[in-house]
1. Has the stretch 160-171 got at least one residue that is modelled with pLDDT of 95 or more, within 27 Å of LYS25 (Cβ to Cβ), of a type in the set (Lys, Arg) and open to solvent by 20 Å² or more (accessible area, probe 1.4 Å)?
2. Residue under question is THR112, and the condition is that it be under 16 Å from the mean Cα position of the chain (by Cα) and open to solvent by 20 Å² or more (accessible area, probe 1.4 Å); does it hold?
Amino acid sequence: HTLALHAALPICIPVILKGHDIMGKAQTGTGKTAGFTLPLLHLLNKHHESSTKRCPRALILTPTRELAAQVGESVHTYGKYLSLKSTTIFGGVNIKPQISRLRRGIDILVATPGRLLDHANQKTVDLSKVEILVLDEADRMLDMGFIHDVKKIINLLPKKRQNLLFSATFSKDIKRLADTLLNSPIMIEVASNNLEAEQIEQLIYRDIG
């Protein structure tokens, strides 16, 4: 199935809530972060059990620390009045505060691949309970050479889970990754509202009078 719309928010939500895997083609600024974060929070909160030892039930992988911080802030904002706990981890900063937050228990983890593997190698994070995996801007992850890290992380996850893959392009490498990762995915193509129409030549005439 292929669905197309000019905003990711309304089209992603019912598909994710039904438990489908998604292969989404979406540019930055199309509302995809809210599109996957809101239903993700709903699904986790629906079956939430309070526990002193919380392992991540949702993992959101992003290619850069900047994007991780943005997504982490969205998760915090949208889930402000829920009892779900989240944290964001990335490299270039002290790992000890991250270890402390992970030990306190979380439900949602936003991470860059390299730093997440650091934690996995140190056994400071348990990914065995992940129910939902989100790969955000997967094409950038591949361009930055994270494919092997991503595959290592996937091998640490439960086989049964929901997978949401978002990419600005569907290259051959992305399709190969999707074939190994996704189970009968729904294809979603989100067009950016500010893209120029094709086949139109745009010119500027300066008024020099």
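The values are calculated or read from the model by the stated rules, or taken from the named source; none is laboratory data. Since the structure is predicted, the reported quantities are computational estimates derived from the model, not experimental observations. Backbone-built Cβ (ideal geometry, glycine too); neighbour counts: all protein chains shown. Just the protein is used for accessible areas: all its heavy atoms, side chains included, with ligands, DNA and RNA removed. Shrake-Rupley method; radii C 1.70, N 1.55, O 1.52, S 1.80 Å.
1. Our first condition is that a residue be modelled with pLDDT of 95 or more; within the stretch 160-171, this holds for 160-165.
Applying the additional criterion that residues be within 27 Å of LYS25 (Cβ to Cβ) yields 160-165.
Filter once more, keeping what is of a type in the set (Lys, Arg): 160-161.
Filter again for open to solvent by 20 Å² or more (accessible area, probe 1.4 Å), leaving 160-161.
There is at least one residue in the stretch 160-171 that is modelled with pLDDT of 95 or more, within 27 Å of LYS25 (Cβ to Cβ), of a type in the set (Lys, Arg) and open to solvent by 20 Å² or more (accessible area, probe 1.4 Å).
2. On the way: under 16 Å from the mean Cα position of the chain (by Cα): yes; open to solvent by 20 Å² or more (accessible area, probe 1.4 Å): no.
No, not satisfied.
Per-residue answers, yes or no, for (1) of a type outside the set (A, V, I, L, M); (2) farther than 15 Å from GLY105 by Cα; (3) open to solvent by 50 Å² or more (accessible area, probe 1.4 Å); (4) at pLDDT 95 or above:
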{"site": "GLY35", "(1), (2), (3), (4)": "yes, yes, no, no"}
{"site": "LEU40", "(1), (2), (3), (4)": "no, yes, no, yes"}
{"site": "LEU44", "(1), (2), (3), (4)": "no, no, no, yes"}
{"site": "HIS48", "(1), (2), (3), (4)": "yes, no, no, no"}
{"site": "ARG54", "(1), (2), (3), (4)": "yes, no, no, no"}
{"site": "ILE60", "(1), (2), (3), (4)": "no, yes, no, yes"}
{"site": "PRO63", "(1), (2), (3), (4)": "yes, yes, no, yes"}
{"site": "VAL75", "(1), (2), (3), (4)": "no, yes, no, yes"}
{"site": "SER83", "(1), (2), (3), (4)": "yes, no, yes, no"}
